[in-house]
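Each value in this text was obtained by applying a stated rule to the coordinates, not by laboratory testing. Quick caveat, the model's predicted, so the values are computed rather than measured. Cβ coordinates were reconstructed from backbone atoms using ideal geometry, including for glycine residues, and neighbour counts include every protein chain displayed.
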Amino acid sequence: MEPPHRCIAGSTMRILIATILTGVMLALAGLLAAYHVLQQEIPRLPATLAHAAWQPPTEIYSHDGERLLTFGERTYVPLADISPFFLNAVIAAEDARFHRHRGIDPISFLRAIAANLKHRRLVQGGSTLTQQLAKNLFLSFEKKWTRKLKELILALQIEATFTKAEILEAYCNQVYFGGGHHGVEAASRAYFGKSAKHLSLLEAAVLAGVPKSPNRFNPAADKRRALKRGRFILGRMMEQGFITKTMHGQARRAPLNVRTPPLTADPNAYFATFILRELEKRFGREILEFGGLRVFTTLDAGLQRAAHQAALKHAAFLRNHMPEPLAGLEAAVVSIDNRSGAVRVMLGGLDPSRSQFNRAISRNRMAGSSFKPIVYMSAFENLHYHPGTVVVDEPVALNIPGVPTWTPENFDSRFQGPVVLKKALAQSLNIVSVKLMHRLKPARVIATARKFGLQAPLSNHYSLALGTAGLSPLDLASVYSVIANLGVYREPFFISRIEDPAGHPLFKHWTENQRRFSEQRVYPLLDMMQGVIENGSGRVIRRLGFADPAGGKTGTTNDFRDAWFTGFSRHLSTSVWVGDDKNASLIGPSGKGLTGSHAAAPIWASFMKAAHAGLPARDFIPPAGIRFEYADAHRGVRAARDAKNALRLALESRSALPRPPAPVLTGAAHKPFPRPAALPLREPQPLPASFTRETTDPGSTWPPEPSSPRFILMLD
């Protein structure tokens, strides 16, 4: 009689074996049932796998017909021209029982079923090399149970039709190795500069480890991680008898010489790389690798060259005139077609062969005064202000709980006293923007930014008034495009359509017009931004020769680390950033810092002149309900067109300017009494006492002693 514990162990083993056999039988029964249901949807096998393994690459084209990138070109080689080391390494890494199964590995298959049932979704495939080949060559890339069933059935058919050598050869020629390289021959030449036939043992093991995760184990991208994976596969090869212990030790100690891939100087590389990532994000890596797509993008290669040339020329000028030229001086440009939202230019830097970091989409630099139009628009929407509203430009101190007292200053450390909003934006007065933010509160301004379509993180701080948010040229070009479109948001897009290898459409972009602001509310802001170019901080645009109707805004951050110019015509909205990658200050020949008008505006003007060559100069048409009046730029009262300090304002119907007050006797002379000019009639606001006490002439200096704050804003 056997001991009780042996009986229990034997019984447990029999139950386990019975369970496994039952699972296998049920799986086979399921496959048979699935075959009858799905047989019409399973593709027919070709005469040879070599023909099926060749697939057309993915091609990316510009809007004007240039081929920007070819992704996934393959070079088919026979099995005899592939190193035996690599063949054994692939089997050890991907499918240890490759030579013993008939397309499906029962052990891996049952393990995958258990994992998927546990998680109630498809989390593990347990795929053999044959299954991977079936999926990549013949099936769609949707992660569905039906696709997995088709893959299993097709794997069985492949094994019944072709030899193991034919299957292994086809797999080695179609598998993806990262970096756009398909097939072992292309990958071997790209990473090691040699044919697949001459791969060393270590090189073969490293290369065999890449397909598991082409991004993580790419030897050109992360040599340390790829080498660690390769050494793990060497251990698997030794365990499975492919190499001896001596060979294993020698290979582990051998150096790995990875070929540095040549970087292109083509400025389109920033955009092409961005598109590859967008395709992978939207459709998945597999369809990008094996789909043979034809991708038609929005990029205008001619305009991209014009932007690149303008940026190179001005960057060279800046370097030649800087007292200490900056090695990390860079520029980025984004231009959006206002009519559709199509991104026509995405220049991520001056030279992609030196740096592939895409500054056009990076949000690591502060926007500075380029953010102010959002603050002004929020004041129009929430406070019912308008271009003629008077705000006093004077020293202020802000007591914010938890932080030191903040005393913002204007760029030139001077103050103008009472000033209408149109003049304040044209001259980029920081104090006015801070006062607007104080009245609005940051939450309202952030809400307005979201209406503009801005998705970047925005901090709930009062300093947002001065552009302390990290934004990209793409962000700003999109925001300004809403202004150019009189309140209509068209989401920026990069891909117009996608076709399969046969020319059948897979995707087509449709532009959606979203009304975010009323025309009557936006046009006054647009007119103010035209004033920036005609008479404000952006007037350099006219001196540089761009004559088309346009609006825009400069931007300069603390210590002159970032220089911006973002502006628009009827056709394009374009944002230019200039700065140093190491965040050094931009200093000019006189030792003074370079502003947006010095460092970024010349690139903008040069590009926009080239982009508008041959296009009609289209003006912005005022919508119904807009009228133009002249106002005193400091008092906000109505003024004659030729009066001193007269400024033309665009006003919507609900906004009104007060008439000039009658003279008030103040002793021996008659002097004008400054009333609360140009504030909305529905919400009268008295001017500060300091204004009525100290200002007797619109041309006088404000304030007499600018060293001390006139009042303190208590922020809650």
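A few comments on the model shown:
- 14 Å reach of a label modelled at Phe357, 7 Å along Cα-to-Cβ, counting backbone N of region 566-596: 578-585
- Here's the list of lysines a cross-link from Lys313 could span, going by alpha-carbon distance under 27 Å and ignoring same-chain residues fewer than 8 apart: Lys553, Lys582, Lys592, Lys609.
- FRET efficiency for His384 and Arg414, using Cβ-Cβ distance with R0 set to 35 Å, rounded to 0.05: 0.75
- Highest mean packing comes first when the peptides 391-397, 293-299 are listed by Cβ atoms within 10 Å, giving 293-299, 391-397.
- Efficiency of FRET between Leu506 and Thr407 - r from beta-carbon atoms, R0 56 angstrom, step 0.05: 0.45
- A straight Cα-to-Cα reach below 13 Å connects Lys150 with the aspartates and glutamates Glu41, Glu142, residues fewer than 8 places away in its own chain not being considered.
- Placing +1 on the Cβ of every Lys and Arg and -1 on the Cβ of every Asp and Glu, with nothing else charged, gives region 422-519 a dipole about its Cα centre of roughly 700 debye.
- Sparse-neighbourhood loop sites, GluC sites (Glu not before Pro) in region 501-552 - DSSP loop, at most 11 other Cβ within 10 angstrom: Glu512
- Here the calculated FRET efficiency for Ala624 and Asp559, from their Cβ-Cβ distance with R0 = 45 Å, stands at 0.45, rounded to the nearest 0.05.
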